[in-house]
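The values are calculated or read from the model by the stated rules, or taken from the named source; none is laboratory data. Every value quoted in this text rests on a predicted model; they were computed, and no experiment measured them. Here the Cβ positions follow ideal geometry from the backbone for every residue, glycine too, while neighbour counts run over all protein chains shown. Note: areas computed on protein heavy atoms with side chains; ligands, DNA, RNA excluded. Shrake-Rupley method; radii C 1.70, N 1.55, O 1.52, S 1.80 Å.
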Amino acid sequence: MNPTATAARRAIHPPRAPDSPFPYNPGSLLSASDLGLDEISHILARATALENQDPLTRDRILAKRRVALLFYESSTRTRTSFELAAKALGADTTLVSSLSSSIEKGETLKDTGLTLRALGAEAIILRHNSSGAPWLLEAETRLPVLNAGDGMHEHPTQALLDLRTLLAHLDPATKTCIPERTKKPVILSGAHFSEVEGPASPTSAQHTIHQVTAETLAGVTLTIVGDILHSRVARSNMLLLPRLGARVLLCGPKELLPELAAHAGPGIEIERNFEAALRQSQAVMMLRIQAERLAGLQLDLEEYKATYQLTGQRLATQAPNAIVMHPGPIIRGLEVTAGVADGPQSVILEQVCNGVAIRMAVLERALPATHAQGGRA
Amino acid sequence: MTALVIRGGHLIDPAAGVDGLKDLLLKDGRVAEIASPGKLKQANGAAGAEVLDATGLTIAPGLVDIHVHLREPGQGYKETIATGTASAAAGGFTSVAAMPNTRPVNDSPEITRWMQAPERAAAIRVFPIAAATRGSKGEAINDYAALKSAGAVAVTDDGYPILKDNIMRETLAAAARVGLSVIQHAEDTRLTQGASMNAGPTAFRLGLRGMTGEAESGIVERDIRLVTELRDARIHLHVAHTSTAAALAAVRQARRSGLRVTCEVAPHHFLLTEEHVGQYNTNAKMNPPLRSSADRDAMIEAILDGVVDAIATDHAPHAIHEKEVEFENAPNGITGLETALGLSIRWLHKEWKLPLGRVLSLLSAQPAALLNLKGRGTLTVGSFADVVVFDPKAEWIYIARETKSKSRNTPFDGWTMQGKVRWTISEGRIAYANT
């Protein structure tokens, strides 16, 4: 048989993979790639507006609406900030975690989701150890599902808060980052409002870009370092930032950073030499080695530290103007030194703070005012 | 026993080289006569026989699937021998070879006989494939002579590949001595721990651990090396559900060296790719997994150029609740008996121009020959009256919830099929009719 004829024949119409039916609910946030640039801009703008709004009017936005936090994995930052964000908008929250619920007795994710819906939950925030779990939950409940981290897959609100952090430090003119710009107090209560709302200073968040385009981050290089393979934070950032023009460099050893990671999307490259990556970066995002997901993988931690730890020395010589990010939790002395974590280039706690603002905006998007609630909003 | 006449149809019997209008007389479970239209001899018993009008339809040997999971004994909630064979009959199959990964594992003559007992109420013929090793644990080989006389047609540890060289060597040699084929599910499970789809960019993007192609081809290459070393012409190694270009290349090479190494390909592996996993569709999760488009293309290529010996479904029913879970936690496998013919005609024949006779051969004559199922896969006088009558032009939509199987875990729900089964006749008895 003539092989070229064969090839030509089958090229006609191979069966096509069906289009994704997700998200079923327009309020869901499952993947960073679900959001168009308009939606990203909207979320960024609302995050700032909500952050600056009087808490006494803000808490009417989702007054008494029921939001469930369903957590199959331990979490400090994500869980607390989602909860604070929901409460800041007036919602009632309830936490279901795998260790103190019927999940321990063998109840499935489907049944847990249907139970929460029957209890009146209008949205579910899900953290799960299995990649893809939020898709299952959304398909079964059809509620707005907010992905708060699924296995090794995605963590879209983390990518949004990282973007907010990055934009706050970006000088749009020079496409450089200014570490000391917009160091603002961590705002968790209304007490700080008057300070933030005060007269505009050149370093306040008012200069932050909210309207993003495909060019907003053109010329900006972000390096993500470490355990890329197991990182949902890396995946969501890799999907989000290049769409705004950023170049994402991935850096790490082969065991934690397979070559095919570069094919995950456009704008992603691999640079295994940490120093070389640092020299090109306006921002560097350090990742924790996820011991719980190594699955038997042997890693020489001393060698890892020697090659990939972000030390004061490396930072000062290779990237003295870059901002240092970390999604947390930090293992001090492993991926970063304490000096770098607490140092002037670190924006790690700002990331945490931005989490509340971003999650308020994402929750508001998830639960648009219904007719019944219209009068209260 | 009543006689049955099939009149007015177009008989395609690739093994016998027949392709033309023929009338058939089936009597006492066998083919009694084949004649030109209207020429059946009444004296043979055609008078008074029930007549099926097959005008405009194709008559072919009943289809043979050498790779199905009927789940009995032990997992009747997924499928029973009765429901699985009813599903097979609806798909045009008259013979299925049932894998031994039951509960308990079919590693004994007792279970082998139990599966064939009339009480199982099978709609068509079931040929058990027995476990190669005790409990399919890959440690101690079973008594193949006893299994063969109980009715086993091959041995395998399907799902639990034999990894140890010495055990595989012993299995090949012992099976050859009693004239049984050895079927290997080629997967180096040491390399696929915790993996739930094909290794590659899609798995990376979805955050899932991947099974590499080497985990499959490495075992195929190892097995072929063992066959080569054993130098016993009676050895038949059959590679189950081949899914990678590299494994096919190894089979192709072994065949050139004159070894009796054969392979099957499942419809999902010549039609779908890892992209069809979509957003964690557990009905696109099976083992071996859906591979890259290059692998898929290699399957098509190998079917068209004759390296592939058979199409087999790997029909693997699972209850709905078992698939409504996180992708990583879902069991492997999809159903396939009702879609194999419709997909094969729709794609291999209509789209990729494989002659209908060759499509049918891959679904009947060739698989029957692989497992030495005498009198099956062909319709000559004296052979079993296993017949499928179908409309080769009819297009139809497969609706999973209308399945005869107990399960409906298929990625082909809503797909367009070509070739609609009208009657399936098993040993002279109508096992399925859609009129």
- Item | Subset of the stretch B:385-426 (residues that are surrounded by fewer than 21 Cβ atoms within 10 Å (Cβ to Cβ) and either part of a loop (DSSP other than H, G, I, E, B) or in contact with a Pro (Cβ under 6 Å, 6 or more places away or on another chain) (or both)) | B:398, B:399, B:404, B:408, B:413, B:414, B:415
- Query: With respect to the numbered conditions (1) open to solvent by 30 Å² or more (accessible area, probe 1.4 Å); (2) within 30 Å of residue B:288 (Cα to Cα); (3) part of a strand (DSSP E or B), which one is the sole condition not fulfilled by residue B:74?
  - Reply: (3)
- Query: Of all residues in the stretch B:401-435, which are touching a residue at least 60 places away in the same chain (Cβ under 8 Å) and among the β-branched types (Val, Ile, Thr)?
  - Reply: B:403, B:410, B:416, B:421, B:424, B:425, B:430
- Applying the selection to the stretch A:253-286, what residues are surrounded by 15 or more Cβ atoms within 10 Å (Cβ to Cβ), outside any loop (DSSP other than H, G, I, E, B) and away from every other protein chain (no Cβ under 12 Å)? A:269, A:270, A:274, A:277, A:278, A:279, A:283, A:284, A:285, A:286
- Query: Inside the stretch A:233-249, can you point out the residues that are touching a strand residue (DSSP E or B) at 6+ places or on another chain (Cβ under 7 Å) and either more than 14 Å from chain B (Cβ to nearest Cβ) or surrounded by 23 or more Cβ atoms within 10 Å (Cβ to Cβ) (or both)?
  - Reply: A:234, A:235, A:236, A:237, A:238, A:241, A:246, A:247, A:248, A:249
- With respect to residue A:296, is the statement that it is at positive phi, open to solvent by 60 Å² or more (accessible area, probe 1.4 Å) and out of contact with any Asp or Glu (no Cβ under 6 Å at 6 or more places or on another chain) true? yes
- Query: Of all the residues that make up the stretch B:307-337, how many are of a type outside the set (A, V, I, L, M) and buried (at least 21 other Cβ atoms within 10 Å of the Cβ)?
  - Reply: 12
- Scan of the stretch B:195-210 for residues that are closer than 12 Å to residue B:327 by Cβ and at the interface with another protein chain (Cβ under 8 Å from one of its Cβ atoms), ordered by number: B:206, B:207, B:208, B:209
- State yes or no: is residue A:272 at pLDDT 95 or above and over 14 Å from residue A:227 (Cα atoms)? no
- Of the numbered conditions (1) of a type outside the set (A, V, I, L, M, F, W, C); (2) part of a helix (DSSP H, G or I); (3) surrounded by 18 or more Cβ atoms within 10 Å (Cβ to Cβ), residue A:23 satisfies every one except a single condition; which is it? (2)
- Across the stretch B:114-143, what is the number of residues that are small (Gly, Ala, Ser), touching a helix residue (DSSP H, G or I) at 6+ places or on another chain (Cβ under 9 Å) and closer than 14 Å to residue B:102 by Cα? 3
- Message: Checking residue A:80 against (1) open to solvent by 40 Å² or more (accessible area, probe 1.4 Å); (2) within 14 Å of chain B (Cβ to nearest Cβ): exactly one of these is not met. Which one?
- Response: (2)
- Query: in a loop (DSSP other than H, G, I, E, B), more than 14 Å from chain B (Cβ to nearest Cβ), under 22 Å from the mean Cα position of the chain (by Cα) and over 21 Å from residue A:150 (Cβ atoms), is that true of residue A:289?
  - Reply: no
- Query: Quick one: which of B:302, B:294, B:298, B:250 is of a type in the set (A, V, I, L, M, F, W, C) and more than 14 Å from every other protein chain (Cβ to nearest Cβ)?
  - Reply: B:250
- Counting only residues in the stretch B:1-55 that are farther than 15 Å from residue B:382 by Cβ and in a helix (DSSP H, G or I), the one modelled with the highest pLDDT is identified as B:14
- The correct count of residues that are touching a helix residue (DSSP H, G or I) at 6+ places or on another chain (Cβ under 6 Å), part of a loop (DSSP other than H, G, I, E, B) and free of Cβ contacts under 8 Å to residues at least 60 places away in the same chain in the stretch B:287-309 is 1
- How many residues does the stretch A:83-115 hold that are in a helix (DSSP H, G or I), of a type outside the set (Asp, Glu) and either surrounded by fewer than 20 Cβ atoms within 10 Å (Cβ to Cβ) or touching a Leu at 6+ places or on another chain (Cβ under 7 Å) (or both)? 16
- Query: Under the condition of being within 14 Å of chain A (Cβ to nearest Cβ) and open to solvent by less than 20 Å² (accessible area, probe 1.4 Å), which residue from the stretch B:352-376 is farthest from residue B:151 (Cα to Cα)?
  - Reply: B:352
- Query: Among the residues of the stretch A:32-41, is any among the charged types (D, E, K, R) and under 20 Å from residue A:116 (Cβ atoms)?
  - Reply: no
- Note on the structure: Only one of B:338, B:322 is at pLDDT 95 or above, within 26 Å of residue B:70 (Cα to Cα), over 13 Å from the mean Cα position of the chain (by Cα) and not polar (S, T, N, Q), namely B:322
- If the Cβ limit is 7 Å and pairs must be 6+ apart or interchain, which residue in the stretch A:348-361 that is under 13 Å from residue A:83 (Cα atoms) pairs with which residue that is open to solvent by less than 20 Å² (accessible area, probe 1.4 Å) and acidic (Asp, Glu)? A:357/A:51
- Message: Tell me the residue from B:85, B:80, B:94, B:55 that is within 30 Å of residue B:402 (Cα to Cα), among the polar types (S, T, N, Q) and out of contact with any strand residue (DSSP E or B) (no Cβ under 9 Å at 6 or more places or on another chain), please.
- Response: B:80
- Query: If you go through the stretch A:98-142 one residue at a time, how many are more than 14 Å from every other protein chain (Cβ to nearest Cβ) and under 21 Å from the mean Cα position of the chain (by Cα)?
  - Reply: 3
- Task: Check whether at least one residue in the stretch B:374-390 is modelled with pLDDT of 95 or more and closer than 18 Å to residue B:272 by Cβ, and report yes or no.
- Result: no
- Item | Residue match in the stretch B:242-254 (condition: open to solvent by 10 Å² or more (accessible area, probe 1.4 Å) and either at pLDDT below 95 or outside any helix (DSSP H, G or I) (or both)) | no
- Item | Residues located in the stretch B:255-286, provided they are within 24 Å of residue B:94 (Cα to Cα) and either modelled with pLDDT under 95 or assigned to a loop (DSSP other than H, G, I, E, B) (or both) | B:266
- So which of A:50, A:70 is surrounded by 19 or more Cβ atoms within 10 Å (Cβ to Cβ), part of a helix (DSSP H, G or I) and of a type outside the set (Lys, Arg)? A:50
- Please find, within the stretch B:269-289, the residue that is farthest from residue B:310 (Cα to Cα) out of those that are more than 10 Å from chain A (Cβ to nearest Cβ) and buried (at least 23 other Cβ atoms within 10 Å of the Cβ). B:285
